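Here's the structure, in structure tokens; my notes come after.
The values are calculated or read from the model by the stated rules, or taken from the named source; none is laboratory data. A quick note: this is a predicted structure, and the numbers were derived from the prediction, not measured. For neighbour counting, all protein chains shown are included, and Cβ atoms are generated from backbone atoms with ideal geometry for every residue, glycine included.
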Amino acid sequence: MKPAKFDYERATDVAHAIGLLKGSGGFTKILAGGQSLGPMMNLRLAQPDLLVDIGRIEALKRIEKTHDSLFIGALVRHAMIEDGKAPDTTRGYLRSIAGNIAYRAVRNRGTVGGSVVHADPSGDWPTAMLAAGASARITSANGARSVGLDAFFTGAYSTVVGEDEVLEGLSVPAFSDHARWGYYKICRKPGEFADSIGAVVIDPARSYARVVLGATDGAPILLPALASRVAAGQAVSIADAGAAIDAVHSGFDPFDRQIHATALSRAITKALAA
Ligand SMILES: Cc1cc2nc3c(=O)[nH]c(=O)nc-3n(C[C@H](O)[C@H](O)[C@H](O)COP(=O)(O)OP(=O)(O)OC[C@H]3O[C@@H](n4cnc5c(N)ncnc54)[C@H](O)[C@@H]3O)c2cc1C
């Protein structure tokens with residue numbers, strides 16, 4: 001199938017993009033890498049009246065390291081992180097995630113910002129960035145705001161980014177030299193969207209520990225009880241992980257509960273062994 005008819009505008013900068021979004025009067029979507037929006041339009045699951053292409057806005061491609069964080073512009077592509085174009089401030093965490101998203105053709109076009117705003121429950125960056133403690137910089141005509149990813153996702157395919165707002169990028173806290181992480185995806189075939197994702201970051205120097213379950217039926221889920229256990233260096237069996245899942249989500253069928261518990265337990269094992 002082909003997309004329904006739509007208008008197209010190329011934004012020259014963020015302010016121009018916001019102006020186009022505000023002034024459209026119809027259903028308008030930002031176009032970044034097009035790797036999620038394109039298929040949805042082809043299937044006519046999305047039928048925007050206007051596409052605002054932000055793909056040539058240089059300011060959204062910036063990668064900036066400060067003493068305690070890394071800013072990744074919304075238009076930074078998965079492949080740029082995979083290829084080491086961003087400084088490694090996370091002991092290989094971001095690079096490893098990027099290199100295992102789909103396959104190279106998707107990674108060449110898909111952007112980090114597009115992935116988190118799209119908020120596909122099976123997407124990698126929403127879960128991985130939440131585990132890393134990232135925050136989002138969002139800009140509108142009223143100015144910019146920063147939102148921690150723990151308050152960013154409001155459900156499957158749903159975030160706090162408004163229709164006339166642009167995600168400028170993500171700020172990811174730098175991991176200390178002793179930080180450890182584990183990431184475990186369960187996929188039917190390599191390169192496919194995940195059926196479950198476990199993501200763990202432990203950084204005692206910052207008193208930081210996060211355990212996140214992704215590829216659920218909604219937003220990625222934080223598991224603070226498991227985070228306390230891994231912070232204390234305690235192993236977590238599949239049964240333990242299952243019990244922790246039950247405490248925060250009662251709706252999984254037995255199959256999903258089992259693969260989620262398995263992904264979490266394996267991610268934690270990897271982090272503790274790192
Ligand atoms: C075959 C295939 C397999 C894939 N497998 C995986 C996978 O295993 N793991 C994974 O994580 N992803 C996977 N993806 C998705 C891929 O990572 C996409 O690149 C990503 O989800 C969306 O990024 P994009 O730049 O293409 O966004 P687009 O498709 O251009 O946009 C996605 C959505 O975000 C909005 N948006 C984009 N940028 C902004 C912004 N700066 N501000 C506000 N709104 C914005 C758009 O309006 C749209 O609603 C796959 C895609 C394909 C086609």
| Restricting the first residue to region 62-91 and requiring it to be aromatic (Phe, Trp, Tyr), which pairs with a second residue that is surrounded by fewer than 14 Cβ atoms within 10 Å (Cβ to Cβ) and modelled with pLDDT of 95 or more meet a Cβ separation below 6 Å and a spacing of at least six or different chains? | PHE71/GLU64
| If we scan region 14-21, do we find a residue that is assigned to a loop (DSSP other than H, G, I, E, B), touching a Ser or Thr at 6+ places or on another chain (Cβ under 8 Å) and buried (at least 20 other Cβ atoms within 10 Å of the Cβ)? | no
| field | Residue match in region 56-75 (condition: over 30 Å from PHE175 (Cα atoms) and in a loop (DSSP other than H, G, I, E, B)) | value | yes
| task | State yes or no: is ASP177 modelled with pLDDT of 95 or more and either among the polar types (S, T, N, Q) or over 12 Å from the mean Cα position of the chain (by Cα) (or both)? | result | yes
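Do the conditions hold for LEU43, that is, is it surrounded by 20 or more Cβ atoms within 10 Å (Cβ to Cβ), in contact (Cβ under 8 Å) with a residue 24 or more places away in the chain and either touching a strand residue (DSSP E or B) at 6+ places or on another chain (Cβ under 9 Å) or of a type outside the set (Asp, Glu) (or both)? Before you say what the answer is, go through the steps one by one.
Details: surrounded by 20 or more Cβ atoms within 10 Å (Cβ to Cβ): no; in contact (Cβ under 8 Å) with a residue 24 or more places away in the chain: yes; either touching a strand residue (DSSP E or B) at 6+ places or on another chain (Cβ under 9 Å) or of a type outside the set (Asp, Glu) (or both): yes.
Spelling it out, it is not the case that LEU43 is surrounded by 20 or more Cβ atoms within 10 Å (Cβ to Cβ), in contact (Cβ under 8 Å) with a residue 24 or more places away in the chain and either touching a strand residue (DSSP E or B) at 6+ places or on another chain (Cβ under 9 Å) or of a type outside the set (Asp, Glu) (or both).
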| task | Please specify each residue of region 81-111 satisfying the condition of being of a type in the set (Phe, Trp, Tyr) and away from the ligand (no atom under 12 Å from the Cβ). | result | TYR93
| query | Across region 155-183, what is the total count of residues that are on the phi < 0 side of the Ramachandran plot and more than 14 Å from the ligand (Cβ to nearest atom)? | reply | 12
| field | Residues of region 125-136 classified as part of a loop (DSSP other than H, G, I, E, B) and crowded, with 24+ Cβ neighbours inside 10 Å, total | value | 1
| What's the number of the condition ASP88 fails, among (1) of a type in the set (D, E, K, R); (2) in contact with a helix residue (DSSP H, G or I) (Cβ under 7 Å, 6 or more places away or on another chain); (3) closer than 20 Å to ILE30 by Cβ? | (3)
| message | Here's a check for you: in region 112-124, which residue that is assigned to a helix (DSSP H, G or I) and more than 6 Å from the ligand (Cβ to nearest atom) is surrounded by the most Cβ atoms within 10 Å (Cβ to Cβ)? | response | VAL112
| said: List pairs: first residue in region 98-109 and over 16 Å from ASP120 (Cα atoms), second residue at pLDDT below 95 and near the ligand (Cβ under 9 Å from one of its atoms) anywhere in the structure, Cβ distance under 8 angstrom, at least six positions apart or on different chains. | reply: TYR103/GLY191
| note | Flagged in region 65-79 as out of contact with any Ser or Thr (no Cβ under 7 Å at 6 or more places or on another chain) and within 12 Å of the ligand (Cβ to nearest atom), in numbering order, are ILE72, GLY73, HIS78, ALA79
| request: Specify the residue that is farthest from the chain's Cα centre (by Cα); the eligible residues are those in region 76-111 that are assigned to a helix (DSSP H, G or I) and among the charged types (D, E, K, R). | output: ARG104
| remark: A careful count of residues in region 11-63 that are of a type in the set (Lys, Arg), more than 8 Å from the ligand (Cβ to nearest atom) and touching a helix residue (DSSP H, G or I) at 6+ places or on another chain (Cβ under 9 Å) gives 1
| Filter result for GLY198 (within 16 Å of the ligand (Cβ to nearest atom), assigned to a strand (DSSP E or B) and of a type in the set (Gly, Ala, Ser)) | yes
| Which of (1) in contact (Cβ under 8 Å) with a residue 60 or more places away in the chain; (2) at positive phi does GLY33 not meet, given it meets every other one? | (2)
